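Reading through the structure tokens given below for one structure.
The values are calculated or read from the model by the stated rules, or taken from the named source; none is laboratory data. These numbers come from a predicted model, not from an experiment. Cβ sites come from the backbone with ideal geometry, for glycine too, and all protein chains shown count toward neighbours. Accessible surface areas use protein heavy atoms only, side chains included; no ligands, DNA or RNA. Shrake-Rupley method; radii C 1.70, N 1.55, O 1.52, S 1.80 Å.
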Amino acid sequence: MKRLIVTCLAVTFSAAVFGQAEDSGKKVNMGIAYQLGLNFTKPGTKRIDKDGVGVQNAFGLNINVNFNENIGFATGLEFDFESYKVSMNTLNGTNYYLYSDSKIIQEEDLGDNYENIDKYKVFELTGRKYKNIYATIPTMLTFRTNALGDFRYYGKFGARTSFLVKSTKNDVGNMFESTVNGSDIDDIIANPSSYPKSSTEMEGMKTPYGNDVSFIRCSLGLAGGAQWNFTGNTMLFAELGFYYGLTPINIEGGGKNRTLFNRAGGGNDYFGLKTTQTQFCLKIGILF
């Protein structure tokens, strides 16, 4: 896979350089675009499952630099508003975290011998809903046909690199009575009927180290579409794209920074979330 990607990049880069040498004049088209996408989340750990299909709404500035009639470079700055969900499975037992107000407690806060465990409340986690905002810079080579009347058809190959602007998560699960704390977990597991719980959604919960969403996300993809040159240098365009996530979107802190756990062998078995994402997108816009 890596060799194929490197080969494609080398061939397309060589073609771009050759095309630029034939026609040194550059023409730049700029405009705005809207993109609607479907997010398919892939778990990177057996502790979680995917939960439906997420949605992406993106808009922003698009820039096309045309090296010649057929080869160019597409970039810009887009803002992605995205949502997706994951569900927790119980292969290793029920999933919990400890919390105080809106702060999720990490293992490090419990002390070397868990002496602080009774200071915190217990939440049974069954799923998470994420809403993320990214600033994205596409960097893609474009290959266009010659004009066919007022239309051109094109393909793109390259990357979308996104930087996290904001992330919020809502935790879905069960809340216990206020008198229940971390030291009661073994009793909860052994005698669940003695510990009433109510289904709820915890909004805007935070971990001490920040969110569990990675600051940077990189994806590699292909897109194809058509341009309609309806007057002068003004073009409408529409394209379909497929983008494969190269980097994880969810990474929780390592070591004692982790917050989620199962109960195993008389102790807390801490683990972190890990997911990647594939996107199918429809983009429409106008260039001048």
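Structure above, values below:
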| item | result |
| --- | --- |
| Cβ charges +1 (Lys, Arg) and -1 (Asp, Glu), total dipole of segment 62-196, debye | 1100 |
| Exposure rule at most 12 other beta-carbon atoms within 10 Å, DSSP loop GluC sites (Glu not before Pro): the chain longest free segment | 1-114 |
| Among 122, 111, 142 - extreme Cα towards positive end, dipole of segment 105-152, charges at beta-carbon | 142 |
| Enclosed volume per residue, in Å³, of the convex hull spanned by Cα atoms of segment 143-207 | 230 |
| For segment 21-99 versus segment 213-239, the gap between their alpha-carbon centres in whole angstrom | 12 |
| Label-reachable residues, segment 132-159, where backbone N falls under 14 Å from a point 7 Å from residue 61's Cα toward its Cβ | 136-138 |
| Cα-centred dipole magnitude for the chain, charges only on beta-carbon of K, R (+1) and D, E (-1), debye, nearest 20 | 1020 |
| At R0 = 45 Å, FRET efficiency that the Cβ-Cβ distance of residue 218 and residue 179 yields, to 0.05 | 0.45 |
| Dipole axis of the chain (+1 Lys, Arg; -1 Asp, Glu on Cβ), positive-most option in 194, 97, 179 | 97 |
| Entries in 27/166; 27/85; 169/256 that, when Cα-Cα distance is taken, lie over 32 Å | 27/166; 27/85 |
| Per residue accessible area of the chain, 1.4 Å probe, in Å² | 50 |
| Computed [θ] at 222 nm, deg cm²/dmol, the chain (DSSP H ≥ 4; -39,500 (n - 2.57); rounded to nearest 500) | -3000 deg cm²/dmol |
| Residue (of 70, 157, 55) at the positive-pole extreme of segment 46-177, dipole from beta-carbon charges | 70 |
| Share of carbon and sulfur in the accessible heavy-atom surface of the chain [1.4 Å probe, %] | 59 |
| Burial ranking of peptide ranges 163-169, 277-283 (average Cβ count within 10 Å, highest at the top) | 277-283, 163-169 |
| Alpha carbon Rg of the chain, scaled by the compact-globule rule 2.2 N^0.38 Å | 1.28 |
| Computed over segment 40-192, Cα set: Rg, Dmax in Å | 23.8, 76 |
| Cα-based helix-to-principal-axis angle, 2-22 vs the chain, degrees rounded to 10 | 30 |
| Peptides ranked, highest mean first, by Cβ atoms within 10 Å: ranges 126-133, 143-150 | 126-133, 143-150 |
| Order by protection proxy (mean Cβ within 10 Å, highest first), peptides 185-198, 41-54 | 41-54, 185-198 |
| √(5λ) per eigenvalue of the Cα gyration tensor, segment 169-287, largest first, Å | 48, 17, 12 |
| Student exercise, segment 129-288 dipole from Lys, Arg, Asp, Glu Cβ charges, in Debye to nearest 20 | 760 |
